[in-house]
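Report on one structure; see the data block that follows.
The values are calculated or read from the model by the stated rules, or taken from the named source; none is laboratory data. In this text the structure is predicted, and so the values were computed from the model without any measurement. Please note: Cβ atoms are built from the backbone with ideal geometry, for glycine as well, and neighbour counts cover all protein chains shown. In case anyone asks, the SASA skips ligands and DNA or RNA and just uses the protein heavy atoms, side chains included. Shrake-Rupley method; radii C 1.70, N 1.55, O 1.52, S 1.80 Å.
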Amino acid sequence: KQEVTQIPAALSVPEGENLVLNCSFTDSAIYNLQWFRQDPGKGLTSLLLIQSSQREQTSGRLNASLDKSSGRSTLYIAASQPGDSATYLCAARDNYGQNFVFGPGTRLSVLP
Amino acid sequence: ETGVTQSPTHLIKTRGQQVTLRCSSQSGHNTVSWYQQALGQGPQFIFQYYREEENGRGNFPPRFSGLQFPNYSSELNVNALELDDSALYLCASRRAGGYQETQYFGPGTRLLVL
């Protein structure tokens with residue numbers, strides 16, 4: 001059974017810092033991994049999706065990497081801004097199921 | 001703008017009642033999944049529908065049921081509501097068979113069971 005964890009649970013940084021969010025999964029037989037952003041009380045916004053055959057994906061200030069052998073993905077946010085404050089969730093889709101297994105999220109606060 | 005919509009946005013029910021939540025998938029998407037998100041936790045997979053048939057289910061009891069319609073809209077039905085059913089319910093749609101199969105989420109329905 002796939003399990004996904006995220007560290008840290010919460011992070012507070014000053015504006016302008018570069019930061020890394022971590023996601024770990026127990027079953028390396030994943031189909032893809034997706035990073036989401038969730039604002040309080042809202043739905044999820046897709047940020048990046050990495051296929052199992054890919055090592056990384058980039059979108060603007062965001063870069064996500066995937067290392068299946070170690071069961072890890074990282075989300076790198078460059079030059080953080082107060083508008084980046086939100087909860088960031090990763091979700092792994094494995095080759096056996098039809099669903100995404102989510103981590104509990106990292107709550108990010110970027111202070112002006 | 002993801003194009004996935006959900007209704008209602010908020011709902012209050014009492015224990016033992018039944019509830020129906022609705023989702024309209026993004027145009028061109030043939031797969032819809034439903035998730036339950038308790039406060040402070042990540043979403044938990046309830047089930048998935050592909051071409052009007054359930055083809056995946058998480059660890060939820062049979063009182064959680066669903067439907068997908070020919071226009072790819074979907075319903076989540078919960079019978080005999082319990083206090084622990086209070087949560088944000090999210091639906092997500094994607095086009096199965098595509099290369100990336102990115103999931104797009106709706107804004108959610110917040111259910112409170114008293």
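In straight-distance terms, cross-link reach from B:Lys13 covers every one of the aspartates and glutamates whose alpha-carbon lies under 19 Å from its own, apart from those fewer than eight places away in the same chain; here that gives B:Glu75, B:Glu82, B:Asp84, B:Asp85.
Less than 5 angstrom separates the built amide H of A:Gly105 from those of A:Gln6, A:Cys90, all sequence-distant by 5 or more or on a different chain.
In this simple spin-label approximation, B:Phe69 and A:Glu3 carry label points 7 Å from Cα along the Cα→Cβ vector, and these lie 4.1 nm apart.
These residues, B:Leu83, A:Leu108, go from largest to smallest accessible area, 1.4 Å probe, as B:Leu83, A:Leu108. The listed residues A:Asp67, B:Asp84 rank as B:Asp84, A:Asp67 when sorted by accessible area, largest first, using a 1.4 Å probe. In order along region A:28-35, phi translates into HN-Hα couplings of 6, 7, 9, 8, 7, 9, 10, 9 Hz, rounded to whole numbers, per the Karplus curve 6.51 cos²θ - 1.76 cosθ + 1.60 with θ = phi - 60° and x for Gly and Pro. Between amide H atoms placed 1.01 Å from N, distances below 5 Å from A:Asn99 occur with A:Asp94, all of them 5 or more places distant or on a separate chain. At the residue level, A:Lys42 shows approximately 120 square angstrom of accessible surface with a 1.4 angstrom probe and all protein chains present. Taking all protein chains together and a 1.4 Å probe, the residues B:Thr109, B:Thr14, A:Thr26, B:Thr102 rank A:Thr26, B:Thr14, B:Thr102, B:Thr109 from largest to smallest accessible area. Label zone (A:Ser59, point 7 Å along Cα-to-C-beta; backbone nitrogen cut-off 18 Å) within region B:1-28: B:1-5, B:26-27. Measuring nothing but how far apart in sequence close Cα pairs (under 8 Å, 6+ apart) lie, relative to its length, region A:19-102 scores a relative contact order of 37 percent. Accessible area buried by the pairing of B and A, both sides summed with a 1.4 Å probe, works out to roughly 1700 Å².
Treating only the Cβ atoms of Lys and Arg (+1) and Asp and Glu (-1) as charged, compute the dipole magnitude of region A:34-112 about its Cα centre; round to the nearest 20 debye. Don't skip to the answer; put the middle values down first.
Values: 8 positive and 5 negative charges, 4 e Å.
It comes to approximately 20 debye.
The residues of chain B have, on average, 48 Å² of accessible surface per residue, using a 1.4 Å probe with all protein chains present.
Restricting to the protein assembly as shown, compute how many DSSP beta bridges are antiparallel as a %, nearest 5. Write down the numbers at each step before the final one.
On the way: 76 of 85 bridges.
Close to 90 percent.
Dividing the Cα radius of gyration of chain B by its Kirkwood radius returns 0.95 for Rg/Rh.
Result for chain A in a Gaussian network model with C-alpha springs under 10 Å: among A:Arg37, A:Arg72, A:Arg61, the largest mean-square fluctuation is at A:Arg61.
Quick check: convex hull over the Cα atoms of region A:1-87, volume per residue in Å³, rounded to an integer?
Details: hull volume 9.0 nm³, N = 87.
In region A:1-87, the Cα hull volume divided by residue count equals 103 Å³.
Entry for region B:57-111 at q = 0.27 Å⁻¹: log10 I(q)/I(0) = -1.29, Debye formula applied to identical alpha-carbon scatterers, no solvent contribution. Annotation: lysines with alpha-carbon distance below 17 angstrom to A:Lys1 (same-chain offsets under eight excluded): A:Lys68. Above 29 Å, the calculated P(r) of the protein assembly as shown contains 26 percent of its Cα-Cα pairs. Using a probe of 1.4 Å on the protein chains alone, the accessible area found for B:Arg51 is around 150 Å². Couplings for region A:85-95, taken from phi via the Karplus curve 6.51 cos²θ - 1.76 cosθ + 1.60 with θ = phi - 60°, read 4, 4, 9, 10, 10, 10, 9, 10, 10, 8, 6 Hz in order; Gly and Pro are left as x.
Within 10 Å of each Cβ in A:27-39, how many Cβ atoms from other chains are there, averaged over the peptide?
On the way: counts 0, 0, 0, 0, 1, 5, 0, 4, 0, 5, 0, 7, 0.
If you average over the peptide's residues, the count of other-chain Cβ atoms is 2.
In this structure the amide hydrogen of A:Leu48, modeled in the peptide plane, comes within under 5 Å of the amide hydrogens of A:Trp35, none closer than 5 places in sequence on its chain.
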